[in-house]
Amino acid sequence: MTPATDTQDDLAQRFAATAAGLTIPSLLDRNAREFGDLPALGALGSTDTLTWAQLRDRVAALTLGLAEAGLRPGDRMLMLMSSRPEHWLVDLAAVHLGAVPSTAYATLSGDQLRYLAQHSQARVIVVENRAQLDRIRPFLAELPSLHRIVTVDGPAEDSTVLLDDLQAAGAAALASDPARFEQLWRAVRPEQPVTLLYTSGTTGDPKGVLLSHHNVVYQAVVLEATVPVPDQSPALAYLPLAHIAERMLGIYNVVYRAGHVTICADPAQLAAGLAAVRPLSFFGVPRVWEKMVAGIQGFLAAADPAVRAAFEAASAAALEAYELREAGQPVPAELAARLAVLDEKVLKPVRARLGLDRVVWAGSGSAPIPVAVLRFLAGCGLDVLEVWGMTETTGTATINAPDAFRTGTVGRINPGMQLRLAEDGEILVRGPLVCLGYLQPDGGVESPADADGWLPTGDVGTIDDGFLTITDRKKELIITSSGKNIAPAQIENLLRAHPLIGQAVAIGDRRPYVTALVALDEEMTPVWARARDLTPDLAELSADPVLLAEIQAAVDAANAKLSRPEQIKTFRVLPSAWSPVSGEVTPTLKLRRRVITERYAEVIDALYA
C-alpha cells in the first residue's frame, strides 16, 4: 500500500517515474527473464498452463508469423474470438510487432461488425472458427485494407491461413533470424497505441478509442498502489476482451505484476471459475454483485433459523466495523477480536460459497451499483469498492481505496490525474490516463480533449471531500414537460436493488410525469415463482397479480426515497428479459435508451394514455 503521508503530487511523480519508458513488450521480456518458470496463462478446465518463458516464446513466433502474413507496425488487427489462450497470444504478438489489436464483442450484429472492420481499416482479421468466418464473408469485398484472414480452429481455405501454420512459419523465421523479433519489439515506444477499443455506442456509432502503452502501464501502477495484493497473484478473466476492464485486469495488469491469469471463457461458469481460482482480487460489474447477493439471500432464506440468526449477528458486527473504517475511525480492539471470530465461523464460509474467501480487494464499476447491495456485501465481510472511469480514461479515473472509501461514491481522483466540474456539473478530467484519441475513418487520430487537455466525460457529478459521486449521464437527463430536471440513473438504481428486477428504465422526457419499464431477472424470477407455485415463464409472470404486487412494492420502496417529481407514477413489466443479444443493453449491460424508447414506443405511449 502507498504510505498515507505521501501527497498527491509525490505519488504522481513516483507513478510517472515507475511507468516511464515501459511498454508491454519490455515487461513481457522482464517476466520471461525474471519469472520464466512461474505460471502465466491458463484456462478453466485445462491442465495446460503456460509459464512466462513459454508464453513469450509463443508470442515471439506469432509476432514473426503475423509479419509474414503482412501485418506491419501501425496496422490494425481485428479479432473475432472468444476468451481463450490464443486470444491473449495473438493480441500480444500484434503488440510486439507494433500493430494495434482490437477485439469485437461477440454480440455484435453483422452490420456492426462491418462498421468495425471498415472503420478500423483492419489489415488482418483473426476469426475463431467457421461460424465467425461466415459472419464476415458478406462484406469481405467491402474491406479494401484487408490483406489476410487468420483462423484459429479452421477452416483451411485459399483465403485464410491457420493460426498453427502461421505460428510454425513464425517459429522458422525466428530460428533463422532471432534478432528480428528483438528489433521489432524494442522499436515499440510508450507513446504508441497498444490497443483499439470500440465504445458501446449507446448514443450513436461506436467510437474507436486508441490507448497507448503508457496509458495502460500507468493504470497498472495506480492499481499496484491501490489494490493490496502481492505480485504473481492469481486472477480470473471472465469479461470480454473488448471491454477496457478485462484488458486492463486480464492482460496489462497481469503482465505488469507477472501474475497468473486463468481464462473463464463462459461467463455462466463464473461461479466455478471463482471456486477453482479463489482470486485475491476481483472486479465485477454491478449485475454480477447483485446476483451474488440474491444467491446468498436465497441460501439464507432456505437455511435453518439458527444459521440465519448467526449470520445476522456476524453481519451486524461486520457492518459496524465497516462504518467505522468508512468514517476514518479505528475499529475498537474488542469489536475487532469479536469480528475475527465471527468472520472465521460464519462469514468466511459464506464468502467461500462464492469463491471469494481469499479476496482482499473487490471492485465494482461500469454502471451504478445500489448502496443496499454494497452494504449487504460489507455485512458478509466483503468490501466492494466502487471505481469510475471510461474507455477514454483507460479504465479507472477515480477509485475508492481500502483505507479511504465512501459508500455511494466512486472514490477520489487517481494520482497524476486532475478533475473538475463544469458549470453544468459535467465531470472533466485530464492527465496520463486520458487516451491518445479517437481513430478517424481516414486513419488519423482526433483527441477528445480540449486545447488544455480536459476530457469532457459526459457524466454529471458532485464532489465532497474529494470523493466523487456520479449523479447521471449528461445526455440522459429527463426534462419533464413541466421543466423538472430528473436523473434517471438514480431511479433505475433503486429499482434494480430488488432481486426480481434485472433492468429498469425510467421514462419521462417531455412527458408530464415519470414512468418505468421493468425487465425481470431471468435467473432469480423463475426461482421466486416456483417457490410460490407460480409459472416460471417470464411472459406469463409479467401479467401475474402476485408478481405485479411484488414489483409494485419495489416501486413503492423506491418512491419513498425519491422527491415527488422523481417518483414513478406507473410502470409496465415486460414479457422478456433484456440482454446484449436482444439489443436493449450493451455487452457491459448499459441501457441503450434509444433502442428501448423506439422498440417500446407503443408500450410507453400506453403508460401516458
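The table for this structure:
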read-out	value
Residue 395 long-range amide H proximity, modeled H, under 5 Å	390
Length gained when the stretch residue 268-residue 563 is fully extended (0.36 nm per residue, less Cα-Cα span)	102.4 nm
Cut-off 19 Å (backbone N to label point 7 Å along Cα→Cβ of residue 570), residues of the stretch 515-529	515-519
Förster radius 35 Å - calculated FRET efficiency between residue 609 and residue 297 (Cβ-Cβ, nearest 0.05)	0.40
Most to least packed among 556-569, 420-433 [average Cβ atoms within 10 Å]	420-433, 556-569
Inter-site label distance for residue 464 and residue 106 at 7 Å from Cα along Cβ, in nm	4.1
Length released on extending from residue 360 to residue 176, taking residue separation times 0.36 nm less the Cα-Cα span	61.5 nm
Unit charges on C-beta of K, R, D, E only; dipole of the chain, Debye	240
Within the accessible area of the stretch 176-235 (1.4 Å probe), percent carbon and sulfur	50
Beta bridges by DSSP in the chain, antiparallel share as percent, to the nearest 5	55
Per-pair calculated FRET efficiency, R0 = 35 Å: residue 183 and residue 16 via Cβ, rounded to 0.05	0.80
Prolate/oblate/rounded label for the stretch 533-609 (Cα gyration tensor, a/c 1.5)	oblate
Contact order relative to length of the stretch 462-609, as percent, for alpha carbon pairs under 8 angstrom and 6 or more apart	19
Estimated vicinal HN-Hα couplings, Hz - the stretch 279-296 in sequence order (Karplus 6.51, -1.76, 1.60; Gly, Pro = x)	x, 8, 9, 8, 10, x, 5, x, 5, 4, 5, 4, 5, 5, 4, 4, x, 5
Reach of residue 590 by Cα under 25 Å, taken over lysines that are not fewer than 8 positions away in the same chain	207, 291, 474, 475, 484, 561, 569
The stretch 135-185 and the stretch 325-401: distance between their alpha carbon centers, rounded to Å	44
Three-way shape call for the stretch 316-366 based on the alpha-carbon gyration tensor, with the a/c threshold at 1.5	oblate
Extended-chain gain in nm, criterion 0.36 nm per residue less alpha-carbon gap, residue 306 and residue 341	10.9 nm
Residue-averaged [θ]222 nm for the chain, counting only DSSP H segments that reach four residues, each worth -39500 (n - 2.57)	-11500 deg cm²/dmol
The stretch 95-141, accessible area per residue, ligands and nucleic acids excluded (1.4 Å, Å²)	35
Apportionment of accessible area to carbon and sulfur, the stretch 476-571, percent (1.4 Å)	50
FRET efficiency, residue 424 to residue 275 (Cβ-Cβ, R0 51 Å, nearest 0.05)	0.65
Angle between the chain longest axis and helix 24-34 axis [Cα atoms, degrees, rounded to 10]	80
Phi to ³J(HN,Hα) by Karplus 6.51 cos²θ - 1.76 cosθ + 1.60 over the stretch 376-391, Hz, x for Gly, Pro	4, 5, 4, x, 8, x, 10, 7, 9, 9, 6, 10, 9, x, 7, 4
Selected from 479, 453, 469, residue furthest toward positive end of dipole (the stretch 433-493; charges at beta carbon)	479
Sequence-distant residues sharing a close amide H with residue 472 (under 5 Å, placed H)	460
Cα long-axis angle, helix 213-226 against the chain (0 to 90 degrees, to the nearest 10)	50
Derived scalar couplings ³J(HN,Hα) [the stretch 515-524; Karplus, 6.51 cos²θ - 1.76 cosθ + 1.60; whole Hz; x for Gly, Pro]	10, 8, 9, 10, 10, 6, 6, 6, 9, 6
Accessible surface, per residue, of the stretch 305-373 when the full set of protein chains is kept, probe 1.4 Å, Å²	49
Amide H contacts under 5 Å for residue 386, placed H, 5+ residues apart	364, 400
Hypothetical label at residue 535: residues of the stretch 547-567 whose amide nitrogen lies under 17 Å (7 Å Cα-Cβ projection)	547-549
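The values are calculated or read from the model by the stated rules, or taken from the named source; none is laboratory data. Since the structure is predicted, the reported quantities are computational estimates derived from the model, not experimental observations. We place every Cβ from the backbone using ideal geometry, glycine too, and count neighbours over all the protein chains shown. All accessible areas refer to the heavy atoms of the entire protein, side chains included, with ligands and DNA or RNA removed. Shrake-Rupley method; radii C 1.70, N 1.55, O 1.52, S 1.80 Å.
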